[in-house]
Structure formats: structure tokens, C-alpha cells
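Reading through the C-alpha cells given below for one structure.
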Amino acid sequence: MLAIAARRMGYRVHAYEPQPDCPAGQICDVEVNAPYTDSASLEKFAQGVDVISFEFENIPRTALDTVSALKPVRPRGEVLHICQNREREKNFLRAQGFPCAPFRVVDSAENLASALAEIGTPSVLKTADFGYDGKGQLKISGPSDATELWQRFGAPRGVLEKWIPFEAELSVVCARGLNGEVVPFPCSENIHENHILDLSIVPVRFAPEIAERAEKIAASIAEALDVVGLIAVEFFLTRDGELLVNELAPRPHNSGHFSFDACATSQFEQQLRAVCGLPLGSPELLRPVVMWNILGDLWKNGEPDWSVVLREPCAKLHLYGKSEARPGRKMGHVCVMADSTAEALVIIERIRARLG
């Protein structure tokens with residue numbers, strides 16, 4: 001979708017991806033397939049472009065260091081370094097005074113026992129590295145044996161967080177330009193199923209001041225990190241009306257896909273504008289919208305009948321061109337725009353029921 005936005009503005013695009021036939025590569029001028037550890041391929045790739053960005057966190061910092069020695073990387077490598085590790089991310093949030101759940105870093109069963117005594121239960125133990133869509137997480141509901149938990153956890157380092165009984169999950173994608181201009185997108189209300197985003201609802205069904213507060217926090221985080229590009233900030237809205245930052249992602253975000261159809265400027269065009277040093281566009285929401293994530297589970301009986309979606313005049317279908325549908329894998333999304341989010345939700349549920 002970034003490549004599509006770039007094409008519309010006359011740019012040529014190169015993609016670097018270890019696996020062949022990636023979705024971006026299908027519409028790029030050049031697709032380089034090589035490991036992130038292949039410094040020669042990385043250097044050759046960097047020499048063929050003017051500016052580099054990314055849309056995936058699990059890239060080794062050394063890969064960004066290699067290409068940033070030759071061309072600008074936006075956001076900078078340090079932003080990725082902080083956001084791709086929960087320990088660094090949580091420490092950054094706490095040091096900067098941003099609201100987040102109480103946590104402790106643990107690296108042994110003994111540390112875990114001490115952290116549990118301090119944080120209490122329920123709580124959740126998360127791996128420091130490589131966690132997304134609920135992976136690498138262990139909920140601790142009550143008193144437990146720390147040694148057994150640590151063995152079951154199976155990671156060398158983790159973060160124990162207090163379990164937050166939240167009212168809702170919200171997120172804000174915020175852009176920051178090369179000149180320091182900061183533009184947040186409208187706050188999204190997110191509903192997850194099995195730890196994977198299912199629906200994003202915009203505008204949120206809460207008091208406007210809550211959304212405004214979330215957008216201001218996201219803008220402050222973008223400035224504190226000195227981001228050039230996008231930063232997505234995920235929040236818990238507690239039952240007391242408090243906003244707690246849950247996670248950061250320095251890239252276009254699944255919960256921001258609604259912007260592709262429903263905003264004056266999409267998050268992808270905004271990323272392009274930011275990393276290329278262009279003025280940022282308007283994030284104005286044109287109509288209320290609900291986005292539904294399409295997962296690979298839908299292919300269990302073969303290719304779905306997409307005419308079910310396309311018969312709805314206000315529905316937009318986006319399929320990513322991934323070669324294999326697997327349960328839990330994000331294969332595409334549908335956006336429905338209507339006069340209200342309530343009306344859009346009715347249409348989404350009708351589509352889902354017909355697709356089975």
C-alpha cells in the first residue's frame with residue numbers, strides 16, 4: 001500500500017524482502033530477495049534508492065546500520081531499536097513520563113518471583129523480543145510457582161506487566177515530517193479476537209476528549225522519539241477513563257488501514273510524504289468507517305466469494321497478494337464507510353455472515 005501511494009505520486013520503488021514475491025515486490029520496479037544479514041545485498045540495494053523506510057519491526061538493527069551508512073533511513077534506526085524490544089520500549093515510556101501499566105523486567109525465576117510479589121496478579125509475562133498478535137505472552141491469573149512459570153515461558157528475558165482490566169483498546173497513527181511537523185490521524189477503537197485485530201472503528205464510540213487526549217499523547221511520543229515517518233501508539237482505556245500506552249510501532253499500522261479509503265490522506269501516503277521531506281497531508285476523516293481484518297481462516301473451504309463484499313456499494317476490498325492463506329495470517333481487509341459507525345458495523349456483520 002505504500003508502494004501504491006508512491007506510484008500515484010510518480011515515484012519508483014524498490015523492495016528488500018528475504019522471501020520472493022512479496023506483496024510490495026509485485027508492484028515495485030525492483031525486488032531484492034536476500035537475508036537481512038547479507039551486507040553486500042543491502043549495500044547494493046541502498047545504492048539504488050534515495051531514501052529508505054520500513055514496515056516491519058523484526059529487522060536486525062545491523063541491517064539498518066548497513067544501509068543508513070549510505071542513504072537516509074526514516075524513521076532512524078534508534079527508533080526501531082527501541083520499539084522492537086518491550087524492555088527498551090517500556091523503559092523509554094517510563095523515562096519520558098508517558099502513562100503505561102506497572103512493569104518489571106525479569107531474567108530469571110528469582111527475578112520473576114520478586115516481580116510477582118511487587119506487581120501482583122493477575123499479570124502478564126511478555127517476551128522482551130519478537131512479540132506481536134499475542135505471541136510470546138503468558139497470563140498469570142493467581143498465585144503460581146515462579147520456577148515452573150519461568151520454565152514454561154522459555155525466553156531468556158521478559159517483562160512482567162500488571163494486567164489491566166480495560167474498557168476498550170484504542171490506537172493513534174501519528175506522522176512526523178522532516179521539519180518536525182506532527183500530524184496525528186483520528187483515534188481508532190479496536191476490537192481483537194484471539195489477540196489479533198478484528199475491527200477498527202472510527203470515530204471512536206467514546207467521549208471526544210478521550211480521542212483528543214490519545215492523539216496528543218501520540219504526537220508527544222513522536223516528538224520524544226524524533227520520528228521521521230509514522231509511529232502507531234496503542235492504548236488501553238481503563239474503566240476509570242485513564243489512557244495507558246500499551247505498545248509502539250514505528251510504521252504503518254493495521255489499525256490505520258481505514259485511512260486508505262476514509263481519510264483525505266492515507267497513512268501510506270503520509271509515510272511517503274514524511275520520509276521524502278514533503279509537506280504532510282490532511283488526516284481529515286471523510287466519513288465514519290469500520291475496517292474488518294480478513295484472516296487466512298476464511299480460505300478453509302477454498303477462495304472466498306468476494307462478490308459478497310463487492311455487492312455492498314459502500315464496501316472496499318483490499319487483498320494483499322500473499323501467496324499462502326494460513327489461519328491467523330492477515331490476508332487483506334474490508335473498509336465500510338457509512339453515515340455512522342453503527343450503520344457500518346451492521347454492513348460488516350452482514351458481509352461476515354454471508355462469507356461464513
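Which of the residues spanning the range 181-196 are free of Cβ contacts under 8 Å to residues at least 60 places away in the same chain, surrounded by fewer than 21 Cβ atoms within 10 Å (Cβ to Cβ), under 22 Å from Ala211 (Cα atoms) and not hydrophobic (A, V, I, L, M, F, W, C)?
Within the range 181-196, just His192 meets the criteria.
Inspect the range 165-174 for any residue being surrounded by fewer than 20 Cβ atoms within 10 Å (Cβ to Cβ), under 18 Å from the mean Cα position of the chain (by Cα), modelled with pLDDT under 95 and within 30 Å of Ala117 (Cα to Cα) and give the result as yes or no.
no
Could you please let me know if Leu2 is under 23 Å from the mean Cα position of the chain (by Cα), buried (at least 18 other Cβ atoms within 10 Å of the Cβ) and closer than 25 Å to Leu317 by Cα?
yes
Hey, among the residues in the range 266-283 that are in a loop (DSSP other than H, G, I, E, B) and under 18 Å from the mean Cα position of the chain (by Cα), which one's nearest to Leu199 (Cα to Cα)?
Per the criteria, the residue is Ser266.
Answer with yes or no whether Ala214 is of a type in the set (Gly, Ala, Ser), in a helix (DSSP H, G or I) and buried (at least 22 other Cβ atoms within 10 Å of the Cβ). Break it down stepwise before answering.
On the way: of a type in the set (Gly, Ala, Ser): yes; in a helix (DSSP H, G or I): yes; buried (at least 22 other Cβ atoms within 10 Å of the Cβ): yes.
Yes.
Residue check, Leu80 against (1) aliphatic (A, V, I, L, M); (2) within 17 Å of the chain's Cα centre (by Cα); (3) part of a strand (DSSP E or B), all met but one. Which one?
(3)
Please tell me if Arg213 is among the basic types (Lys, Arg) and within 22 Å of Asn293 (Cα to Cα).
So Arg213 does not fit the description; no.
Mind checking which residues of the range 55-79 are of a type in the set (A, V, I, L, M, F, W, C) and modelled with pLDDT under 95?
Pass one, the range 55-79, residues of a type in the set (A, V, I, L, M, F, W, C): 56, 59, 63-64, 67, 69-70, 73, 79.
Phe56, Ile59 - these are the residues of the range 55-79 that are of a type in the set (A, V, I, L, M, F, W, C) and modelled with pLDDT under 95.
Quick one: in the range 64-77, which of the residues that are assigned to a loop (DSSP other than H, G, I, E, B) and touching a strand residue (DSSP E or B) at 6+ places or on another chain (Cβ under 6 Å) is surrounded by the fewest Cβ atoms within 10 Å (Cβ to Cβ)?
Restricting to residues being assigned to a loop (DSSP other than H, G, I, E, B) and touching a strand residue (DSSP E or B) at 6+ places or on another chain (Cβ under 6 Å), the top hit is Lys71.
Given the criteria surrounded by 19 or more Cβ atoms within 10 Å (Cβ to Cβ), closer than 22 Å to Ser68 by Cβ, of a type outside the set (A, V, I, L, M, F, W, C) and not assigned by TED's automatic domain parsing to the domain that holds Glu324, does Tyr16 qualify?
For Tyr16, the condition - surrounded by 19 or more Cβ atoms within 10 Å (Cβ to Cβ), closer than 22 Å to Ser68 by Cβ, of a type outside the set (A, V, I, L, M, F, W, C) and not assigned by TED's automatic domain parsing to the domain that holds Glu324 - is met.
Could you tell me which of the residues Val334, Val308 is touching a residue at least 24 places away in the same chain (Cβ under 8 Å) and assigned to a helix (DSSP H, G or I)?
After applying the criteria, what remains is Val308.
Among the candidates Ser323, Ser266, single out the residue that is hydroxyl-bearing (Ser, Thr, Tyr) and either in contact with a helix residue (DSSP H, G or I) (Cβ under 7 Å, 6 or more places away or on another chain) or outside the structural domain of Ala175 (by TED's automatic domain parsing) (or both).
Result of the check over Ser323, Ser266: Ser266.
Just need a number here: residues in the range 88-108 that are of a type in the set (A, V, I, L, M) and either at positive phi or modelled with pLDDT under 95 (or both). Lay out the reasoning, then the answer.
Here is the first cut: in the range 88-108, the residues of a type in the set (A, V, I, L, M) are 93, 95, 101, 105-106.
Then drop every residue that is not either at positive phi or modelled with pLDDT under 95 (or both), which leaves none.
Result for the range 88-108: 0.
Please go through (1) in contact with a Lys or Arg (Cβ under 9 Å, 6 or more places away or on another chain); (2) farther than 17 Å from Val275 by Cα for Asp50 and return the number of the only condition it doesn't satisfy.
With (1) in contact with a Lys or Arg (Cβ under 9 Å, 6 or more places away or on another chain); (2) farther than 17 Å from Val275 by Cα applied to Asp50, the lone miss is (2).
Count, please, the residues in the range 148-181 that happen to be polar (S, T, N, Q), over 17 Å from Ile221 (Cβ atoms) and not in a loop (DSSP other than H, G, I, E, B).
If we filter the range 148-181 for residues that are polar (S, T, N, Q), which is where we start, we get 151, 171, 179.
Checking the rest, the ones that are also over 17 Å from Ile221 (Cβ atoms) come to 151, 179.
Still in the list and also not in a loop (DSSP other than H, G, I, E, B): 151.
Number of matching residues: 1.
Going residue by residue through the range 184-191, is there one that turns out to be over 24 Å from Glu349 (Cβ atoms) and of a type in the set (Val, Ile, Thr)?
No, the range 184-191 contains no residue that is over 24 Å from Glu349 (Cβ atoms) and of a type in the set (Val, Ile, Thr).
So which of Ala6, Ala15 ends up being in contact with a helix residue (DSSP H, G or I) (Cβ under 7 Å, 6 or more places away or on another chain) and not in a helix (DSSP H, G or I)?
Ala15
The values are calculated or read from the model by the stated rules, or taken from the named source; none is laboratory data. Quantities reported herein were computed from a predicted structural model and do not represent experimental measurements. Methodologically, a virtual Cβ is constructed for each residue, glycine included, from the backbone with ideal geometry; neighbour enumeration extends over all protein chains shown.
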